[in-house]
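Here is the structure we will look at, set down as structure tokens.
The values are calculated or read from the model by the stated rules, or taken from the named source; none is laboratory data. Every value quoted in this text rests on a predicted model; they were computed, and no experiment measured them. Virtual Cβ from ideal backbone geometry, glycine too; neighbours counted across all protein chains shown. With ligands, DNA and RNA removed, areas are computed over all heavy atoms of the protein, side chains included. Shrake-Rupley method; radii C 1.70, N 1.55, O 1.52, S 1.80 Å.
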Amino acid sequence: MLAAGESVIEKIQTMSIKLTTIGSLTFLLAMHSAWSIDLDSDYLRLSGFGTIGVVSGGDDHLGFRREISKEGQFDGDWAFEPDSLLGIQIDAQISDSLIATAQLVGKDRPDNSVENSLEWAFVRYGFDPGLVIRAGRMGTDLFMLSEYRNVGFAYLWARPPVEFYGPLALDSFNGIDTSYSREVFDGVMRFKVFYGGGEQDFSSQVGSHVAKLEDMIGANITWESEHWTTRAVYQQAEFASSIDTISPLVDGLSAIPAAVWSEAPGLAEDLEAKGKPMDYYALGLAYDDNPWVVQAEVGFIDSGYEAAFPDLLTAYLSVGRRFGPITLFGIGAIARNTQDTLDVPAEPSGGTNPTLVALQQGTQMFADQVGIDQRTLSLGMRWDLRHDLALKAQWDRTWVDAYGGALWDQAITVRDDRILDTFSVNFNFLF
């Protein structure tokens, strides 16, 4: 029964929070039980992964970053922060059907608290045949690499293509998902639905803030055979909070009566994130039949928050050729807004009212820095030193159009076209 005034969505949210809490507590109890029995028993499995990487990229105005939540590296200086990380995963076999999993990842992030570093903490119950339910904190399952986005050894390149993986930086969400798998056409078809919410810390030259998403509901379908993998994804979500870095602009515009500046209330509404929806669609295709390995994904973000995140088309194509333990590869990637960024109308005082001038200029400055319009061509090499060690080197050339540099950390608004080179060397390992 629903309580008075309680919607179905609110009921699901409450259930999601309870299941997340139950999942976390179950995991802690399972860990205590497993450790007390025997570290080397069948009840507990400890594994890990890591990357030691250096990258040189960016110029004095655009700082390189692998995703938009990170602070950038400027002036072509070599840095460990963008790609280096260490992850540890623990799986506890509670029963034949129930498994608890936790994954702790240490990497460059605005807030490296234990809570933020705990990217997975869920329980998984498997029914027979092929039905699985999970509850807790899980990775966002929106990409071909969703289950191993942090595991550099598991993919070909120095990092996932920034144009495709950079705009959606949410590492994990708290909620539930259900998947069903069965054999179809000499392969395995899996259908998954999920619901929850999450938050991500962001840091850049303009400041730090936390972006929160709620009512994340979506589905994906994957078919995988010996050589082929195909995938389709849909997700919708809603911003659950305002963005701190632009709250002064929103507050200032909201305080201006329409009689003084008729566009001010509308601009304030455009800049307010809370309650704005966002839909995401993606298709993926991969082919792996030695010596060739090919992978491509295309995605579209249909944004209801156009002032800060206009509709975005993203895609990449990767082709690799193995020569024994060495694989040579190339990538072409693109990210481009499909609608214009906000054009702020002139304030009506003609420059005589300093408050209106500051608000108009500040809003336009913000609008000029949210556009994404770039292409990247990458060439690289992966050398598998052994079954759990790989060395990678990669060169990226990126063409960034004027007012299209939002995937970079912008020290100033870039009003001209830029060409930037990024060089990376990574050492990936498993244990």
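Using R₀ = 22 Å, calculate the FRET efficiency as 1/(1 + (r/R₀)^6) where r is the Cβ-Cβ separation of GLU269 and ALA219; round to 0.05. Each step should come with its number before you reach the end.
Working: r = 31 Å, r/R0 = 1.40.
Approximately 0.10, to the nearest 0.05.
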Here the residues of segment 357-386 lying in the modelled label zone of ALA402, meaning backbone nitrogen under 19 Å from a point 7 Å along Cα-to-Cβ, are 364-375
Among segment 150-173, those whose backbone N falls under 17 Å of a label point 7 Å along Cα→Cβ from THR245 are 166-171
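What does the C-alpha gyration tensor say about the overall shape of segment 362-402? Classify as rounded when a/c is under 1.5, otherwise prolate if a/b is larger than b/c, or oblate.
Working: a/c = 6.90, a/b = 3.00, b/c = 2.30.
Verdict is prolate for segment 362-402.
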Result for the chain: accessible area per residue, probe 1.4 angstrom, in square angstrom, of 47
Contour minus Cα-Cα span, ILE326 to GLU226, at 0.36 nm per residue, comes to 33.8 nm
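Using R₀ = 45 Å, calculate the FRET efficiency as 1/(1 + (r/R₀)^6) where r is the Cβ-Cβ separation of ASP77 and ASN290; round to 0.05. Can you show the working numbers first?
Details: r = 39 Å, r/R0 = 0.86.
The pair ASP77/ASN290 has a calculated efficiency of 0.70.
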A correct Karplus calculation of ³J(HN,Hα) over segment 407-412, with 6.51 cos²θ - 1.76 cosθ + 1.60, θ = phi - 60°, whole Hz and x for Gly and Pro, returns 6, 9, 7, 9, 6, 9
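Going by average Cβ density within 10 Å per residue, which order do the peptides 221-232, 332-343 take, highest to lowest? Mind showing how you got there, number by number?
Working: 221-232: 15.0, 332-343: 17.2.
Packing proxy ranking, top to bottom: 332-343, 221-232.
What does the highest-first list of 49-56, 351-358 look like by mean Cβ count within 10 Å?
Details: 49-56: 20.5, 351-358: 13.4.
Output ranking for 49-56, 351-358: 49-56, 351-358.
Counting only complete DSSP H runs, which helices of the chain cover 18 Å or more along their long axis at the Cα atoms and score a mean Kyte-Doolittle of 0.5 or above? List each step's numbers first, then the result.
On the way: long enough: 8-37 (43 Å, 0.89); 354-368 (21 Å, 0.18).
Span-like helices in the chain: 8-37.
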What helix-only [θ] at 222 nm does the chain give? Using -39500 (n - 2.57) per DSSP H run of at least 4, over all residues, to the nearest 500, the answer is -5000 deg cm²/dmol
The Kirkwood hydrodynamic radius of segment 153-196, taken as the inverse of the mean 1/r over all distinct Cα pairs, in Å, comes to 13.7
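Would you mind telling me the share, in percent, of accessible area of segment 95-227 contributed by carbon and sulfur at probe 1.4 angstrom? Display every interim value, and only then the final one.
Working: 3100 of 5550 Å².
That fraction is 56 percent.
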The percentage of the accessible area of segment 290-431 (probe 1.4 Å, all protein chains present) made up of carbon and sulfur atoms, to the nearest whole number, is 62
Simple SL model, points at 7 angstrom along Cα→Cβ for SER254 and SER56; separation in nm is 4.8
Taking Cα atoms only, Rg over Rh for the chain with Rh from the Kirkwood formula is 0.99
Note: segment 122-276, point scatterers on Cα, Debye, no solvent; log10 I/I(0) at q = 0.11 Å⁻¹ equals -0.59
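Order these peptides, 383-393, 156-166, 210-220, by their mean beta-carbon neighbour count within 10 angstrom, highest first.
Values: 383-393: 14.7, 156-166: 24.1, 210-220: 18.6.
The densest-packed peptide leads the list: 156-166, 210-220, 383-393.
Which length gain, in nm to one decimal place, applies between ASP416 and TYR234 when the Cα-Cα distance is subtracted from 0.36 nm times their residue separation?
62.0 nm
Can you tell me the relative contact order of segment 233-307? Whole percent, Cα pairs under 8 Å, sequence separation 6 or more.
Working: 110 pairs, mean separation 25.6, N = 75.
Computed value for segment 233-307: 34 percent relative contact order.
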